Structure formats: structure tokens, C-alpha cells
Amino acid sequence: AQTVTQSQPEMSVQEAETVTLSCTYDTSESNYYLFWYKQPPSRQMILVIRQEAYKQQNATENRFSVNFQKAAKSFSLKISDSQLGDTAMYFCAFMKLKYNDMRFGAGTRLTVKP
Amino acid sequence: DAGVTQSPTHLIKTRGQQVTLRCSPKSGHDTVSWYQQALGQGPQFIFQYYEEEERQRGNFPDRFSGHQFPNYSSELNVNALLLGDSALYLCASSLGGHIEAFFGQGTRLTVV
């Protein structure tokens, strides 16, 4: 079974600074997808960024980038130039190739301070 | 283009009762997945429906059942409610084998 671990229950960062959220996972699969989702108080899960395991290049989306270490089974999210609107719960998720059901970590609550 | 819509947004039920939650997928999507998110935790996969069939199921008891209609909308039914069933229930839709899933805003179920 796949498990996803987020070891930082809460983090905070000053506006405009950079923060990194950690995620590790366990799987015997060789090909899979990894995601970071944001869940603001509105409750809706919003996709931040995704990474295909067969791609060595780390994914980037504007201020968001990942550090994907396949051998270490590590998938961290870096948020640059943090904004107040980045305040939310962030979930790391794993998905096997065949079916798109996801396994989520317990989440990291990020607070961006003015 | 409407995204994923769920109803109702909030619901209070008594222990032992039955509940039905509804989900309309994003236009053009044919696959619906349901997740349970307990307070302070990440979402847990319940099951997934595709072509009106349950395609995959997570580690949830048979009290949790579902249905998908020909228009791809879906229902989640929970029988014999327990206090521990109190959670946010999220629906996610996707198109066939596409990996990106879109989530609704969830239904907050409280069992008293």
C-alpha cells in the first residue's frame, strides 16, 4: 500500500519570503504521479503542481516548484515570494498510473504573515 | 463552465440514520471519486465510479455505497451512521484516464 507522510503539521513564513514544505512517500511502483494540493478555508482542493515520476526534471508553476528525489521518495514544495493568499492547508498526494484515486498525506497548515 | 458541484453543503444527521450525498461532475467528465476528510486529516479515498460501475474501492465498510447515473452524476450513501462518520465528504471528477481531478467544495456531515 502507498503511504504519504507530511512531517510538518504547521509552518509559517513572512510575506515575500520562501518556504519549503516536505513530503515523503512509500511505494513499490516505478511509475506514478505526485501532487501538491492547496485547501483554503473555502474547503475546495486546488491543484498547485504535479510531477510525473518518469520525468527527472522538477516541475515548476510560477512561484511554486518541487524538489523530486525519486530514490529517496521525497517530494518537497517550494513557494517563493510568499503571498497572503498562499495561507492554506497543503496536501501532498500520490497516484498510481492506472486509476486516478489519490492517497493524501495529513497536510501542512501554512500561514503567511504580513 | 460549472465545475464540480456537491449538495448539500452541510448536513446534520442522528446516529443510526442513513444519508445520501450528491455530486455533479465537471462538464465532460465521466469519472467520479469520493473522499472522506476527517477534521485535521487528509482526504481518504472511498471509491471511484466509471461508466456506472464501481471501479475501485478504498478501505471503507459496506455501509458506504454509491451509484453513478447515465449523466455521470453520482451519489454516496452511508447507512447506520456512526459518530465517526462526521467529516467533510469530497467529490472529484476527471475524464477517463486523465490524471487531473477537479474537486468540489464538499459536504460537511455532522453525526450527533
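Data overview
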| quantity | calculated |
| --- | --- |
| Residues satisfying the stated conditions in region A:73-95, i.e. open to solvent by 10 Å² or more (accessible area, probe 1.4 Å) and at the interface with chain B (Cβ under 10 Å from one of its Cβ atoms) | A:MET89 |
| Region B:26-45: number of residues that are more than 9 Å from chain A (Cβ to nearest Cβ) and either within 17 Å of B:ALA101 (Cα to Cα) or hydroxyl-bearing (Ser, Thr, Tyr) (or both) | 8 |
| Residues of region A:45-55 that turn out to be of a type in the set (D, E, K, R), open to solvent by 50 Å² or more (accessible area, probe 1.4 Å) and assigned to a strand (DSSP E or B), as a count | 1 |
| Conditions (1) among the aromatic types (Phe, Trp, Tyr); (2) closer than 23 Å to A:VAL4 by Cβ; (3) outside any loop (DSSP other than H, G, I, E, B): number failed by B:TYR49 | (2) |
| The listed residue being of a type in the set (A, V, I, L, M, F, W, C), touching a strand residue (DSSP E or B) at 6+ places or on another chain (Cβ under 6 Å) and surrounded by 16 or more Cβ atoms within 10 Å (Cβ to Cβ), out of B:LEU11, B:LEU90 | B:LEU90 |
| Inter-residue pairs, beta-carbon under 9 Å, first surrounded by fewer than 16 Cβ atoms within 10 Å (Cβ to Cβ) and in region A:22-33, second of a type in the set (Asp, Glu), 6+ apart | A:ASN31/A:GLU52 |
| Residue check, B:PHE64 under 22 Å from A:GLY107 (Cβ atoms) and of a type in the set (Phe, Trp, Tyr) | no |
| Set B:GLU100, B:GLU52: member being at positive phi and modelled with pLDDT under 95 | B:GLU52 |
| Scan of region B:61-95 for residues that are more than 22 Å from B:HIS10 (Cα to Cα), among the hydrophobic types (A, V, I, L, M, F, W, C) and within 12 Å of chain A (Cβ to nearest Cβ), ordered by number | B:LEU95 |
| Pairs, first more than 18 Å from B:VAL111 (Cβ to Cβ) in region B:5-29, second open to solvent by 40 Å² or more (accessible area, probe 1.4 Å) and in a loop (DSSP other than H, G, I, E, B), C-beta under 6 Å, six or more apart | B:PRO25/B:TYR72; B:SER27/B:ASP1; B:HIS29/B:LEU95 |
| Residues (of a type outside the set (Ser, Thr, Tyr) and either in contact with a Phe, Trp or Tyr (Cβ under 8 Å, 6 or more places away or on another chain) or surrounded by 12 or more Cβ atoms within 10 Å (Cβ to Cβ) (or both)) located in region A:1-21 | A:GLN2, A:VAL4, A:GLN6, A:GLN8, A:MET11, A:VAL13, A:GLU15, A:GLU17, A:VAL19, A:LEU21 |
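The values are calculated or read from the model by the stated rules, or taken from the named source; none is laboratory data. Keep in mind that what you see is a predicted model, and the values were worked out from it rather than measured. Cβ coordinates were reconstructed from backbone atoms using ideal geometry, including for glycine residues, and neighbour counts include every protein chain displayed. With ligands, DNA and RNA removed, areas are computed over all heavy atoms of the protein, side chains included. Shrake-Rupley method; radii C 1.70, N 1.55, O 1.52, S 1.80 Å.
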